[in-house]
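The values are calculated or read from the model by the stated rules, or taken from the named source; none is laboratory data. Small disclaimer: the values here were computed from a predicted structure and weren't measured. Don't worry about glycine lacking a Cβ; one is built from the backbone with ideal geometry, like all the others, and counts go over all protein chains shown. Please note that ligands, DNA and RNA were not included when accessible areas were found on the heavy atoms of the full protein model with its side chains. Shrake-Rupley method; radii C 1.70, N 1.55, O 1.52, S 1.80 Å.
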Amino acid sequence: MDSVETPVPSGFAALGLDPGIVAATTALGYEEPTEIQRAAIPPLVAGRDVLGQAATGTGKTAAFALPMIHRIGRNAGGKRIIKGLILVPTRELAMQVAEAVHKYGRDLGIAVLPIFGGASYGQQLRALARGVDVVVATPGRAIDHINRQTLDLSHVEFLVLDEADEMLDMGFADELDAILAAVNPDRQTALFSATLAPRIRQITKRHLKDPVHVTIANETSQTGVRPKIREVAYVVLRQHKAASLARVIDMEGPTSAIVFCRTRTEVDELTQTLGSRGYQAEALHGGLSQEQRDRVLRRFRDGTSDVLVATDVAARGLDIEHVSHVVNFDVPTSPDAYVHRIGRTGRAGKSGVAITLAEAREHRMLRNIELHTKRKIPIEAIPTVHDLKARRLERIRTSLEETMDGGDLDRYRTLVEQLASDRDIVDLAAAAVKLYDTREGGADDVDIPVAPPPIVAPVKLFKRGNDVAPRSGPVQMTRIYIGIGRGSRVRPADLVGAIANEARINSRDIGSIDIADAFSLVEVPADDAPRIINALRDTTIRGKKVVVRLDRVRKPS
Ligand code: AMP
């Protein structure tokens, strides 16, 4: 039934990709393509334009990056010219996407360069002069390079607009038009966006040729309610994910849990992490032989192991009656996958817990799942050390009471009586509990840094000029002074882009923007102002270092 060691054509090979690219996905531990990849890769490989509706977390980067590398082809030596261009809204995404392209295209010798505002021009210019195959750029910096004639896009064969809705929300519509005008008109184009607002349709109409429309949006909401499952999500920082998982599991104390991961590599790493924390964790992925798989399942069923760490593929068709906890180490790539996974708990009238760890950038996926299941998934804070200690004491209390009720204590009684003759009985009991607690307790006594909460406000369009973006809930705003204005041809998008990218503020949280000749005033959430000021002082806006400080109430002329 399962694919075992023999290399059957992987799901990626079946999509028509170059074997070098398929090998890269295997090396990364991907077992099979995600839904958006299955839908978008074949038409892109065939040279079609694609309009893709998919949010972060669905595997959309690979959905365009793999076919882009396939179409550009192996670098045959000689001078590199830019054949692939990926436009993304933020610097963080530029770095992430560039890293992904690098990993996917390593075997084919693809050279990729991220270019974004705030970074030194010199370095970017040197890299461009040396030659690259793929550029991943934020619109503002791309335009600056085009204006300086340092970015030649006339040979681009494959263009991607990633998170196009975000780019428009950030006020980059004009920049996109200008960049698109500079790109080779005979290129292939893919546009990915979480929403298909009318503006996205307009861009598509103007710049894509007879696109294939692929979507993994959730039109089907027939999912039945599962009232017995407690669902919860934790927003965590990527670098603390493994620690967060361990903390959550320590807190929950599951009798049997399945932890779902995306890749084999993750499965192996997490199995080790959990093993080192005293859990009997076993790995289940497509790389196991049938015999190994059977053994793992047998041990999980009979309770020898208490945590199964699995990929979706390996867990498919698993015949396990009931698990107390399902943990999604990542937000599943589609709402259906989520429903599938959590359906493994809360069975046969029993209660169950479904836990999802999400990175802030994956909040849209969580919302898609909520829309699909028609249930709210509450977001909670990762338990603190204090919470954990309290929970451990609660468990010790239960164990002590059960042990007392169980009787059979005679052989300890004499020892206790002897000690109690010259010691305080409460001290004595406390020492016994301490001994037990330190033996049972994990070594984990540091708090895990908290991730900023995801933005859950409804998506509103950022408006240019003096308009204040509508916001949800009362937020105390303040104004900052930025020492650059119309005289330097600064545009609202430059300011929004700089603030959003440098200080990692959502553009929807930025209020009114007044641009005077020599300076600009921007309304920002008061709590974030110091961070924004520091971040902007470290960067450049339209190539200039600028003065940034809190505004001393002034009106632009
Ligand atoms: P994205 O939606 O592009 O941000 O991707 C989300 C995450 O899924 C990234 O960490 C990818 O490395 C991972 N990923 C993408 N495709 C697959 C796949 N087919 N199998 C497992 N993981 C994947």
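Note down the magnitude of the dipole of segment 229-385 about its Cα centre, charges +1 on Lys and Arg C-beta and -1 on Asp and Glu C-beta and zero elsewhere, to the nearest 20 debye.
Result for segment 229-385 is approximately 360 debye, rounded to the nearest 20.
Could you compute the FRET efficiency for Arg316 and Ala27, with r as their C-beta to C-beta distance and R0 at 22 Å, rounded to 0.05?
Efficiency computed from Cβ-Cβ geometry: 0.50.
What accessible area per residue comes out for segment 35-215, rounded to a whole number of Å², with a 1.4 Å probe?
Averaged over the residues of segment 35-215, the accessible area is 36 Å².
Gap in Å between the Cα centre of segment 89-123 and the Cα centre of segment 167-210?
The two parts, judged by their Cα centres, are 20 Å apart.
What number comes out for accessible area per residue over segment 475-550 if the probe is 1.4 Å? Units Å², please.
40 Å²
Please report the carbon-and-sulfur percent of the accessible area for segment 311-397; probe 1.4 Å, protein heavy atoms only, DNA, RNA and ligands left out.
Here it works out to 54 percent.
Which of the listed residues, Ala526, Leu495, Thr540, is farthest toward the dipole's positive end in segment 490-548, when Lys, Arg count +1 and Asp, Glu count -1 at the beta-carbon?
Value: Thr540.
Taking the Cα centre of segment 158-305 as the origin, how large is its charge dipole in debye, to the nearest 20, when only Lys and Arg (+1) and Asp and Glu (-1) carry charge on their Cβ atoms?
Computed about the Cα centre, the dipole is about 620 debye.
Between Asp210 and Asp336, take the C-beta separation as r, use R0 = 35 Å, and let me know the FRET efficiency to the nearest 0.05.
0.75
Estimate the FRET efficiency between Tyr412 and Leu125 by the formula 1/(1 + (r/R0)^6), using the beta-carbon distance for r and 60 Å for R0, to the nearest 0.05.
0.20
What dipole magnitude, in Debye to the nearest 20, does the chain give about its Cα centre under +1 on Lys/Arg Cβ and -1 on Asp/Glu Cβ?
In debye, rounded to 20, the chain gives about 2180.
Ordering Thr150, Thr403 by how much accessible area each has at a 1.4 Å probe, largest first, what is the list?
Accessible-area ranking of Thr150, Thr403, largest first: Thr403, Thr150.
Which of the aspartates and glutamates could a cross-linker span from Lys389 if the Cα-Cα distance has to be under 17 Å and same-chain partners fewer than 8 positions apart are dropped?
Answer for Lys389, where 17 Å is the Cα cut-off: Asp250, Glu252, Asp437, Glu440, Asp444, Asp445, Asp447, listed by chain and number.
What does the convex hull of the alpha-carbon atoms of the chain project to on average, in nm²?
Averaged projected area of the chain's Cα convex hull equals 32.0 nm².
Just subtract the alpha-carbon distance of Ala197 and Arg542 from 0.36 nm times their residue separation and send over the number in nm, one decimal.
Stretched fully, the Ala197-Arg542 segment lengthens by 121.2 nm.
Have a look at Val416, Gly253, Met167 and report the one farthest towards the positive end of the charge dipole of the chain, computed about the Cα centre with Cβ charges (Lys/Arg +1, Asp/Glu -1).
Met167
Among the listed pairs Lys60/Lys376; Lys228/Lys434; Lys83/Lys545, give every one whose C-alpha distance is greater than 27 Å.
Violating the 27 Å limit, Cα to Cα: Lys228/Lys434; Lys83/Lys545.
Given a 1.4 Å probe and every protein chain left where it sits, what share in percent of the accessible area of segment 502-543 is carbon and sulfur?
Its accessible area is 38 percent carbon and sulfur atoms.
Cross-link candidates for Lys205: which aspartates and glutamates have Cα within less than 20 Å, leaving aside residues fewer than 8 places away along the same chain?
Asp49, Glu157, Asp162, Glu163, Asp165, Glu166, Asp169, Asp174, Glu175, Asp177, Asp186
For the charge dipole of the chain, defined by +1 on Lys and Arg C-beta atoms and -1 on Asp and Glu C-beta atoms about the Cα centroid, which residue among Val156, Ala390, Ser324 has the Cα displaced farthest towards the positive pole?
Val156
Give me the Debye-computed log₁₀ of I(q)/I(0) at q = 0.11, 0.17, 0.20 Å⁻¹ for segment 475-550, equal point scatterers on Cα only, no solvent, two decimals.
Taken in order of the listed q values, log10 I(q)/I(0) reads -0.21, -0.52, -0.73.
Where does helix 290-301 land angle-wise versus the long Cα axis of the chain, in degrees 0 to 90, nearest 10?
Computed tilt is about 60 degrees.
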